[in-house]
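The values are calculated or read from the model by the stated rules, or taken from the named source; none is laboratory data. Everything numeric here is computed off the predicted structure, so don't read it as measured data. All Cβ positions, even for glycine, are placed from backbone atoms using ideal geometry, and neighbour counts span all protein chains on display. Note: areas computed on protein heavy atoms with side chains; ligands, DNA, RNA excluded. Shrake-Rupley method; radii C 1.70, N 1.55, O 1.52, S 1.80 Å.
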Amino acid sequence: MAITYFEKEQLFHLYNQHISYVLKIVKNGYLAHLYYGKRIDLIEGDFDLALRERVAFSPTPDINDLTFSLDHLPQEYPCFGTSDFRTPALETTDSAGDYVTDLQVIHHDIFNGKKKLKGLPATYCTEDEAVTLEITLEDTLTQLRVVLSYTLFNNYNAITRSVYFLNNGSSPITLRKTASMSIDFPEANYDLLHLYGGWGKERHIDRKNLICGIQSIESKRGVSSHQHNPFIALVHPSSNENSGKVYGFSLVYSGSFQGLIEVDQFETTRLIMGINPFQFNWTLNPQDTFQSPECVMVFSDTGLGSMSQTYHDLYRNHLVKSTYKNKVRPVLINNWEATYFDFTSKKLIEIAKAGKELGMEQFVLDDGWFGQRNNDDSSLGDWFVNKDKIPEGMAALSKKITDLGMGFGLWVEPEMISPNSTLYKTHPDWCIHVQNRPRTQARQQCVLDLSRQDVQDYIIEFMDRLLSENKINYIKWDMNRPLTEMSSALLPKERKGELQHRYVLGLYHILDELTEKHSHVLFESCSGGGGRFDPGMFYYMPQAWTSDDSDAVERLKIQYGTSLVYPPLFMGAHVSDVPNHQVFRSPPIKMRGDVSFFGNLGYELDLTKINETEKETIKNQVCYYKAIRHIIYEGDFYRIISPFETDACSWSAVSKDKNHAVLGYYQPLVKPNAQIIRVQWQGLDPKANYRVKESQKKYKGSYLMEVGLIIPELKGDYNSYIFTLEKI
Ligand code: DGJ
């Protein structure tokens, strides 16, 4: 792993065993992008620049060279206003109100390791694990300094990029767009792949060939959103799970983001990712600074599967900072779909006891334990226990549950305020709103203004108290609406466009404080299921509720799509009741369990009401999962059959040493006279002998991968099979 600077050619080559990234300072200090992809070697700094002859209607910033135009120069961090008409990575307004930005390189720095990003979550490493290049550019008129940071990881096909801004001039500058990265690819023959959806159907895969013009994958909701995940990939049209070129871009950010792709007149592709510039502005007074979020770029020339495995490993090892990073995650029972708001402590204890008897390890008390919260129209902000439901108080209840030998977890939604709450009566100006406009409600609640220090302090204080006074080892941190009327009573008018990002910074500050101080607590992130399922949140909270839709059939697409970027370890996967509460479907308990095994297993149904056969099945499921969960947590995940392309689904996890593996095969609907299915394993040791636990049959790894296991003939709908392999 190295970063080589060829001084004569002013060329930088970042490379490790697998990938190369090449950039060069060209005429007048502009920074050109030359190459990103499979590892190459260079003789000295020689690299043929693909520059065009003079192009009609492309202006030339250098009067002595009429062929030179930024309009067709592949660039690293393009601006707007001189000669490039494509979408810029950076937009500013200077003190005269002008929009031109023009950046030239002034110096660079190379060092081992990686700096922390002030106020923002980001990947981390030791000095031996990565090397960083920082290139500083400046606008000569405004003296805005822009530091582009590139960290190349040693053992991963990954480069992280972020940008730091300093107003080194003497007048204020407004940042209107501050992308975290931009790359100009020399061709446009790619598919754009991204994860789209909505509530209850998060992170479905969409893949289509690039179009000429601009496409944007984005959120304007103040959160990363159910609708679009902060991830895009450029995929060569012939690439699939196991072969071909793939470029992934994942933004470590939990607010409104944008991934933009522009195919220009020359059929080259510009890809930009960062904070959504929509209604964003940020004033930098002299000497003020601004830090962009980090974008994690992964390159694979062996298809989508390797890209995903790189993200899984990198995020498990270098993003999650929780002490739970390498700890076993408990099998839990959550009371939400068992009781909703209608419970007493007696009922909760019964559920917890039943869970304990079935081998579960953690009880989680969901919404409804505080204030007058008997439905969702009140009490967010009134974080004191409801004595009608829990007369003994939270400390006593948490003790009773922990005395059973279960962990005690609690649901909170700290970022919210119900207009019908004591908190709202005391602090009506604490929510995000625009003066003299109605405050739009969603789920009958408003959003607290996390850009304010007093609001941040209030949340830290009440959460700290809750965690200190009760025996809580698990927090489910929910967030159930997007932001509207995005303004803050405390921000002056020229800074109103800062609210969205300040909200995210406020949230990160709160999470920093709480997760540091209460590091024994396992935090689960949630936003109406997977509405804020992003790397920013995983930095603080090592797992998330994947979707409110717990139907086993729907979960196939949700978990399959989610696995493009995020490992099963991050995905909360609960077995819930039937008919399912979201789609009213009734897959058997076996299929519900078999799907949930490929995530963080939990149960979310009334265990006191199930029959003995179901109890026995659940007991066996929990026992089986405990035996294989280390493979799911730490192993390599393989997508084998896509539910987006077929009417079945299959995936597997293989331990890093290839000694153990688990495979799930699912077929929701049976077909008459169907083909006999053989499911082919991936990632095994071809020469090793394996035994299939379920049939006790022995096979060579190569047989399992090339011939495959026969799926027994399906009889009836909602079929699922789990196969467990052990090397012998
Ligand atoms: C939305 C979450 O996704 C659910 O799991 C549950 O916690 C409810 N909120 C509670 O209001």
Inset, instruction - In whole Å, largest first, what are the principal axis extents of the Cα atoms in the stretch 215-358? - result: 68, 48, 28
Inset, instruction - Among V575, S655, L448, flag the residue with its Cα farthest along the positive direction of the charge dipole of the chain, charges on Cβ as +1 for Lys/Arg and -1 for Asp/Glu. - result: V575
Inset, instruction - Report the calculated FRET efficiency for K493 and K116 (r = Cβ-Cβ distance, R0 = 25 Å), to the nearest 0.05. - result: 0.15
Inset, instruction - Taking H placed 1.01 Å from N in the peptide plane, check which residues at least 5 places from I475 or on another chain put their amide H under 5 Å from its amide H. - result: L410, L522, F523, E524
Inset, instruction - Name the residues whose placed amide hydrogens come within less than 5 Å of the amide hydrogen of A89, ignoring near sequence neighbours (fewer than 5 apart) on the same chain. - result: C79
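If packing is taken as the mean number of other Cβ atoms within 10 Å per residue, what is the order of 111-118, 3-10, highest first?
Details: 111-118: 14.9, 3-10: 13.4.
Descending packing order for the listed peptides: 111-118, 3-10.
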Inset, instruction - Go through H108, H72, I711 and say which Cα lies farthest out towards the positive end of the charge dipole of the chain; charges sit on Cβ, +1 for Lys and Arg, -1 for Asp and Glu. - result: I711
Inset, instruction - Measure nothing fancy, just the Cα-based angle from helix 499-517's long axis to the longest principal axis of the chain, in degrees from 0 to 90, nearest 10. - result: 50 degrees
Inset, instruction - Specify the angular offset, from 0 to 90 degrees and rounded to the nearest 10, of the alpha carbon long axis of helix 345-357 from the longest principal axis of the alpha carbons in the chain. - result: 90 degrees
Inset, instruction - Mind grabbing the base-10 log of I(q)/I(0) for the stretch 67-213 at q = 0.09, 0.16 Å⁻¹? Debye formula, identical points on the C-alpha positions, no solvent, two decimal places. - result: -0.38, -1.07
Legend entry - Accessible area in square angstrom per residue, the chain, 1.4 angstrom probe: 38 Å²
Inset, instruction - Using a Förster distance of 60 angstrom, determine the FRET efficiency expected from the C-beta separation of E187 and K387, and round it to 0.05. - result: 0.35
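Set the bar at 25 Å for Cα to Cα. Now go through K321/K400; K118/K325; K346/K619; K38/K325; K24/K321 and name every pair that lies beyond it. Present the calculation step by step, with values, prior to reporting the outcome.
Details: K321/K400 31 Å; K118/K325 22 Å; K346/K619 23 Å; K38/K325 31 Å; K24/K321 35 Å.
Check vs 25 Å cut-off fails for K321/K400; K38/K325; K24/K321.
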Inset, instruction - Provide the net charge surrounding A50, with neighbours chosen by a C-beta distance below 13 Å and charges set as Lys +1, Arg +1, Asp -1, Glu -1. - result: -3
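For the chain, what is the mean residue ellipticity at 222 nm derived from helices alone (per DSSP H run of n ≥ 4: -39500 (n - 2.57); sum divided by total residues; nearest 500 deg cm²/dmol)? Intermediate results must be reported in sequence, preceding the final value.
Working: 12 runs with 139 residues, N = 728.
After summing the helix terms and dividing by residue count, I get -6000 deg cm²/dmol.
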Inset, instruction - Return a whole-number percent for the relative contact order of the chain, with Cα pairs under 8 Å and 6 or more residues apart as the contact set. - result: 10 percent
Legend entry - Selected from V296, S519, P186, residue furthest toward positive end of dipole (the chain; charges at beta carbon): S519
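Give me the dipole magnitude in Debye, nearest 20, for the chain about the Cα centre, with unit charges on the beta carbon: positive for Lys and Arg, negative for Asp and Glu. Before the final figure, lay out each step's value.
Working: 76 positive and 90 negative charges, 429 e Å.
Rounded to the nearest 20 debye, it is 2060 debye.
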Inset, instruction - Determine the shape class of the stretch 380-422: with a ≥ b ≥ c the square roots of the Cα gyration tensor eigenvalues, call it rounded for a/c under 1.5, and otherwise prolate if a/b is greater than b/c, oblate otherwise. - result: oblate
Inset, instruction - Report, in degrees rounded to the nearest 10, the 0 to 90 angle that the Cα long axis of helix 303-318 makes with the longest principal axis of the chain. - result: 80 degrees
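What does the highest-first list of 34-40, 360-366 look like by mean Cβ count within 10 Å? Show your work: numbers first, answer last.
Numbers: 34-40: 15.9, 360-366: 23.1.
Averaged packing, sorted descending, gives the order 360-366, 34-40.
With +1 on the Cβ of every Lys and Arg and -1 on the Cβ of every Asp and Glu, and nothing else charged, how large is the dipole of the stretch 600-728 about its Cα centre, in debye rounded to the nearest 20?
Values: 18 positive and 16 negative charges, 113 e Å.
Computed about the Cα centre, the dipole is about 540 debye.
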Inset, instruction - At a Cα cut-off below 18 Å, give the lysines reachable from K671, other chains included and same-chain residues fewer than 8 away excluded. - result: K715
Legend entry - Anisotropy class of the stretch 1-159 from Cα gyration tensor, a/c 1.5 cut: oblate
Inset, instruction - Within the stretch 441-524, list the trypsin sites (Lys or Arg not before Pro) lying in a DSSP loop whose Cβ has at most 11 other Cβ atoms in a 10 Å radius. - result: none
Inset, instruction - Could you let me know the centre-to-centre spacing of the stretch 192-230 and the stretch 687-712, using Cα atoms, in angstrom? - result: 38 Å
Inset, instruction - For A50 and Q444, calculate 0.36 nm times their separation in residues minus their Cα-Cα distance, and state this gained length in nm to one decimal. - result: 136.2 nm
Legend entry - Cα gyration tensor shape for the chain, rounded if a/c is under 1.5, else prolate or oblate: oblate
Inset, instruction - Round to the nearest 0.05 the FRET efficiency obtained for V100 and D41 when R0 = 41 Å and r is the Cβ-Cβ distance. - result: 0.55
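With charges set only on the Cβ (+1 for Lys and Arg, -1 for Asp and Glu), what does the dipole of the stretch 22-113 come to about its Cα centre, in debye to the nearest 20? Please report the intermediate quantities before stating the final value.
Details: 7 positive and 15 negative charges, 58 e Å.
Roughly 280 debye for the stretch 22-113.
Need the full-extension length gain, S171 to H107, defined as separation in residues times 0.36 nm minus the C-alpha distance. One decimal, nm. Walk me through the intermediate numbers first.
Working: separation 64, 0.36 × 64 = 23.04 nm, distance 2.28 nm.
Working it through step by step, the gained length comes to 20.8 nm.
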Inset, instruction - Would you give the gap between the C-alpha center of the stretch 49-65 and the C-alpha center of the stretch 380-425, rounded to a whole Å? - result: 66 Å
Legend entry - Sum of side-chain charges, F533 neighbourhood, beta-carbon under 15 Å (Lys, Arg +1; Asp, Glu -1): +1
Legend entry - Apportionment of accessible area to carbon and sulfur, the stretch 428-509, percent (1.4 Å): 48 percent
Inset, instruction - Could you state how much accessible area C125 has, in square angstrom rounded to the nearest 10, with a 1.4 Å probe and all protein chains kept in place? - result: 30 Å²
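How much length would be gained if the chain were fully extended between E634 and F57, taking 0.36 nm per residue of separation minus their Cα-Cα distance, in nm to one decimal? Mind dumping the intermediate values first?
Details: separation 577, 0.36 × 577 = 207.72 nm, distance 5.48 nm.
Length difference between fully extended and current span is 202.2 nm.
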Legend entry - Length-normalised contact order for the stretch 220-375 - Cα pairs under 8 Å, 6+ apart - percent: 19 percent
